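Visitor: Dropping the structure in here first, questions after.
The values are calculated or read from the model by the stated rules, or taken from the named source; none is laboratory data. Because the structure is a prediction, the values reported are computed rather than measured. Cβ placement follows ideal geometry from the backbone for every residue including glycine, while neighbour counts extend to all protein chains displayed. Just so you know, the surface numbers come from the protein's heavy atoms only, side chains and all, with ligands and any DNA or RNA stripped out. Shrake-Rupley method; radii C 1.70, N 1.55, O 1.52, S 1.80 Å.
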Amino acid sequence: MALEPAKNLRLEIGHVLFIDLVGYSKLLIEEQKGRLRQLTDIVLATAQVRESANEQVVRLPTGDGMALVFRNSAEEPARCALEIAEALKEHPEIRVRMGVHSGPISGVVDVDGRANVAGAGINIAQRVMDCGDAGHILLSRHVAEDLESFGHWQPRLHDLGECEVKHGVRVSVFNLYEDELGNPQLPKKFQALKKQRTRIRWAGVAMALVLLATILAAFLIILRNPARLASVAPEKSIAVLPFENLSSDQNNAYFAEGIQDEILTRLSKIADLKVISRTSTQHYKSAPENLSEIARQLGVAHVLEGSVQKSGDAVRVNVQLIKAANDSHLWADTYDRRLTDIFSVESEVAKAIADQLRAHLSGRERNVIAAKPTDNAQAYDAYLRGLAYSLKTSNTPANAIGAQKYLKEAVRLDPKFARGWALLAYVDARYYSTQSLQPTISLREEARQAVETALTLQPDLDEALLAKGYYNYACLKDYNTAEHYFEQARQLLPNNSRIPEFLAYVERRRGHWDRSESYFNEAERLDPRNVNLLIQHAFSYRSLHRFPDALRKLDQVLDITPGDLDTLVEKAAIAQAEGDLPRAAALLAPLHPSADDPGAVEMQVYQAILERRPGKMIPRLQEILAKPDPALGYINGELRFWLGWAQEVAGDHAAAHESWQRARSELESFLKEQPENYILIEDLALTNMGLRDKAALTLAEHAMALVPIEKDALTGPFAIEILARVAARMGEPDRAIAALQKLLSVPSAGALAAGVPLTPALLRLDPMFDALRNDPRFQEFAASPAPE
């Protein structure tokens with residue numbers, strides 16, 4: 001059997017055995033050729049190579065080794081490696097090391113015009129091999145985990161841990177050996193790492209002893225002056241923890257949440273107080289045991305605990321103000337009122353706390369705290385129900401519909417309820433932007449009417465000014481007007497973290513990323529454990545391809561909400577962008593997103609497509625689409641596009657064509673009511689691309705015109721990415737290359753799934769760009785190093 005170059009391979013998963021002659025460079029040229037011929041003969045004589053009908057044996061351009069690419073399972077290269085080791089026992093003069101990895105490979109044309117094989121699968125197999133010495137058979141963790149499912153491999157696999165290889169990449173490595181095959185010795189790289197860790201450990205011990213002495217000295221100072229402990233947080237600072245629902249009817253939980261939020265809202269309007277936002281306190285229990293630790297995390301000196309009991313129109317509210325440093329109760333009270341008089345409780349509690357903390361109240365602040373938003377108890381009850389839905393962290397259609405439903409009821413019951421109108425306007429604008437509600441012209445108009453009504457009823461209402469700013473930001477993309485109203489609201493809401501948060505959004509749309517980050521930092525000081533705020537900050541870092549910073553923010557989120565599905569999906573998106581499919585798979589595989597979380601579902605589908613193994617996700621998509629949720633609107637058509645793509649990559653072209661035809665029909669039905677929904681138009685462009693319809697290019701250009709990058713630095717790049725994808729598939733490589741060149745030069749979070757940034761690493765994996773793989777310009781993009 002002769003060595004044959006790979007021919008016409010499409011990008012797929014290959015099981016790669018990389019073999020390298022140790023000491024090759026020290027041999028004379030004739031000796032090099034002889035050793036390589038001997039090794040080649042030994043390799044071709046192995047039973048595994050002779051029996052594998054689909055293998056490709058490739059001579060790598062370095063000339064001192066070769067890669068064997070198997071197509072069926074990870075067992076093939078492992079068995080082959082052991083056979084080679086057995087054969088080499090009779091040739092001690094031939095010393096080799098071997099590495100095994102499963103990953104993407106594809107047919108390419110090299111600089112000399114010859115067919116060859118390349119891809120991350122071969123590169124990582126070589127990196128794994130580089131960690132070893134003569135005689136070692138090293139496996140990547142991905143391969144080892146595949147082999148562990150077969151009992152007979154388990155005794156032969158030995159976890160060595162991580163090894164740093166070229167470009168600072170770290171790979172997890174296993175050593176494969178048995179009896180007299182393989183090399184059981186610890187590789188030299190790992191021996192050096194072990195010594196380094198020992199030195200670091202002793203240095204760490206010494207540093208820890210010095211640090212401990214410093215801490216003890218500081219502790220003695222604090223013991224002599226306890227007042228210093230309290231000075232860590234401002235004395236006039238407070239966090240309002242979730243109020244416990246003591247009602248026999250657990251459906252009254254919304255009422256306890258509403259009372260807590262209303263008291264907090266009144267306190268936040270006092271400029272002389274530092275008040276932590278509800279979004280940071282909602283993750284704690286109503287009456288936790290570790291109050292001092294919670295106060296430290298939130299940066300406050302005082303904590304308010306409370307409970308609410310509601311029976312019919314009778315309400316009892318218990319509150320107690322606690323000094324966190326010594327867990328002492330400064331003040332407590334119980335209020336028994338009728339539902340019609342609940343506003344007086346909220347006002348009295350806020351006033352009492354201000355008095356206890358000796359906060360200065362201006363005349364305006366006194367009036368604002370005492371204000372009664374409505375005389376209609378039923379309207380207020382509906383408002384609190386809508387408020388509870390709007391405060392939920394997940395932007396699901398169910399939460400959006402619930403908030404909108406009850407707020408509409410509140411203003412129907414009391415058309416003069418200005419705060420009700422203001423919250424309805426904000427909810428409409430928010431869910432128009434997140435598309436938790438279908439972003440129709442009528443929804444945008446409803447938001448406009450709601451905010452204008454609120455301002456007509458009460459021109460200086462702080463919540464209405466904030467809602468007006470958000471409406472201009474989210475619905476009109478009028479960032480100058482939005483900033484104007486946000487700055488007005490800031491004067492009236494000194495503790496409201498949403499204002500610097502929204503200003504951060506405005507600045508990143510303008511492309512002022514540094515200013516945006518300053519606003520994010522300001523918002524986090526007011527709201528340090530706001531999960532959505534941290535995720536949005538991470539999203540900015542992801543757009544800038546500052547992946548370590550993004551991961552740090554996401555880890556903060558997981559510290560607050562361990563196991564949060566959407567956060568794990570965000571981390572997986574970064575892993576995909578970095579080309580680390582095993583890490584992305586480890587994050588995504590344990591997740592079971594529901595149908596109302598399409599972003600997470602699409603991420604799992606995209607992972608399977610990148611792995612070129614989409615078959616496992618096709619039944620899941622078919623299950624969701626068998627009973628589509630009407631609340632998802634056009635997203636059902638988007639999911640059907642993904643079904644078609646998965647079917648195409650799996651090789652079922654007829655099924656893919658049928659899915660795309662249905663997707664196009666479903667998506668087009670929403671265009672009349674959502675003519676400015678650029679995501680809908682991008683979905684249509686991709687779907688028409690699948691159907692090879694030239695309308696795809698027109699639609700992609702239309703999306704670019706709707707959201708030009710010059711006016712929106714955050715989402716403007718999405719349409720450029722769609723154009724690049726469409727042009728690549730539609731046989732217009734020059735347009736695709738031009739779009740990629742633009743896209744790779746600006747910050748961008750990515751147009752597909754959960755916003756996976758299109759990076760050089762992802763270009764090497766995504767099958768949508770297969771048509772460009774032999775284009776030298778594309779190869780240059782794909783070979784670009786990752787950003788520092």
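Visitor: At 1.4 Å probe size, what's the solvent-accessible area of F174? Round to the nearest 10 Å².
Guide: Spelled out: F174, probe radius 1.4 Å, area about 10 Å².
Visitor: P(r) tail for the range 577-638, what percent of Cα pairs lie past 15 Å?
Guide: Across the range 577-638, Cα pairs with separations above 15 Å total 51 percent.
Visitor: Cross-link list K477/K672; K351/K468; K310/K408; K408/K468: which exceed 25 angstrom alpha carbon to alpha carbon?
Guide: Correct reply: K351/K468.
Visitor: Which value, in Å² and to the nearest 10, is the accessible area of R662 when all protein chains are kept and the probe is 1.4 Å?
Guide: Accessible area, nearest 10 Å²: 120 Å².
Visitor: From the backbone phi of the range 136-146, what are the Karplus-calculated ³J(HN,Hα) couplings (6.51 cos²θ - 1.76 cosθ + 1.60, θ = phi - 60°) in whole Hz, Gly and Pro given as x?
Guide: Those phi angles translate into 6, 10, 9, 10, 6, 4, 4, 5, 4, 5, 5 Hz.
Visitor: Let me understand the range 653-788 better: what is its radius of gyration from the alpha carbons, and its Dmax, in angstrom?
Guide: Answer for the range 653-788, Rg first and Dmax second: 14.7, 44 Å.
Visitor: Under a point spin-label approximation (7 Å from Cα along Cα-to-Cβ), what is the F150-A705 distance to one decimal in nm?
Guide: Going by the 7 Å Cα→Cβ label model, 5.8 nm.
Visitor: Another question, then. What is the Å³ per residue value for the convex hull set by the Cα atoms of the range 523-618?
Guide: Roughly 97 Å³ of hull volume per residue.
Visitor: Mind pulling up the Rg/Rh value for the chain? Radius of gyration and Kirkwood radius, both on Cα.
Guide: Here Rg/Rh amounts to 1.04.
Visitor: Sticking with this one: Please compute the per residue accessible area over the range 711-788 with all protein chains in place, 1.4 Å probe, rounded to a whole number of Å².
Guide: Ligands and nucleic acids excluded, the result is 35 Å² per residue.
Visitor: Follow-up question, since we're still on this one. Using the Kirkwood radius over Cα pairs, work out the Stokes-Einstein diffusion coefficient for the range 316-451 at 10 °C and 1.306 mPa s, in µm²/s as a whole number.
Guide: It diffuses with D of about 94 µm²/s by this estimate.
Visitor: Can I ask one more? Which of rounded, prolate, oblate describes the range 744-788, given a ≥ b ≥ c as roots of the alpha-carbon gyration tensor eigenvalues and a/c under 1.5 marking rounded, otherwise prolate only if a/b is larger than b/c?
Guide: oblate
Visitor: Additional query: How large is log10 I(q)/I(0) at q = 0.10 Å⁻¹ when the Debye formula is applied to the Cα atoms of the range 427-552, each weighted equally and without solvent?
Guide: Computed log10 I(q)/I(0) values: -0.32.
Visitor: With the crude spin-label approximation of a point 7 Å out along Cα→Cβ, what separation in nm comes out for H283 versus H592?
Guide: About 2.4 nm separates the two model spin labels.
Visitor: Top to bottom by accessible area (1.4 Å), largest first, where do T698, T456, T334 land?
Guide: Ranked list, largest accessible area first: T456, T698, T334.
Visitor: Here is a follow-up. Ranked by accessible surface with a 1.4 Å probe, highest first, in what order do H657, H15 come?
Guide: H657, H15
Visitor: Also, I was wondering about something else. Shape of the range 415-484 from its Cα gyration tensor (a ≥ b ≥ c, root eigenvalues): rounded if a/c is under 1.5, otherwise prolate when a/b > b/c, or oblate?
Guide: In terms of gyration-tensor shape, oblate.
Visitor: Let me ask something additional. Compute the normalised compactness of the range 251-336: alpha-carbon radius of gyration over 2.2 N^0.38 Å, N being the residue count.
Guide: The value comes to 1.11.
Visitor: Report the extension gain between A370 and E487 in nm, rounded to one decimal, defined as 0.36 nm multiplied by the number of residues separating them, less their alpha carbon distance.
Guide: Working it through step by step, the gained length comes to 39.7 nm.
Visitor: To continue, here is another question. What order do Y470, Y485 take when sorted by accessible area (1.4 Å probe), most exposed first?
Guide: Putting Y470, Y485 in descending order of accessible area: Y485, Y470.
Visitor: Computed FRET efficiency, Cβ-Cβ of K188 and Q320, R0 51 Å: what is it to the nearest 0.05?
Guide: For K188 and Q320, the calculated efficiency is 0.20.
Visitor: Using a 1.4 Å probe on the protein chains only, how many percent of the accessible area of the range 487-609 belongs to carbon and sulfur?
Guide: 50
Visitor: List the residues whose amide H sits under 5 Å from the amide H of V96, counting only those 5 or more places along or on another chain, with H placed 1.01 Å from N in the peptide plane.
Guide: Those qualifying (amide H under 5 Å, at least 5 residues apart or on another chain) are V22, G135.
Visitor: If a cysteine in the chain has no other Cys Cβ under 4.7 Å from its own Cβ, put it on the list, ordered by number.
Guide: For the chain, the answer is C80, C475, because their Cβ atoms have no other cysteine Cβ under 4.7 Å.
Visitor: Using R₀ = 35 Å, calculate the FRET efficiency as 1/(1 + (r/R₀)^6) where r is the Cβ-Cβ separation of S394 and S518; round to 0.05.
Guide: The calculated FRET efficiency here is 0.80.
Visitor: Whole-Å semi-axes of the range 543-585's equivalent ellipsoid, largest first, each the root of 5 times a Cα gyration tensor eigenvalue?
Guide: 17, 13, 7
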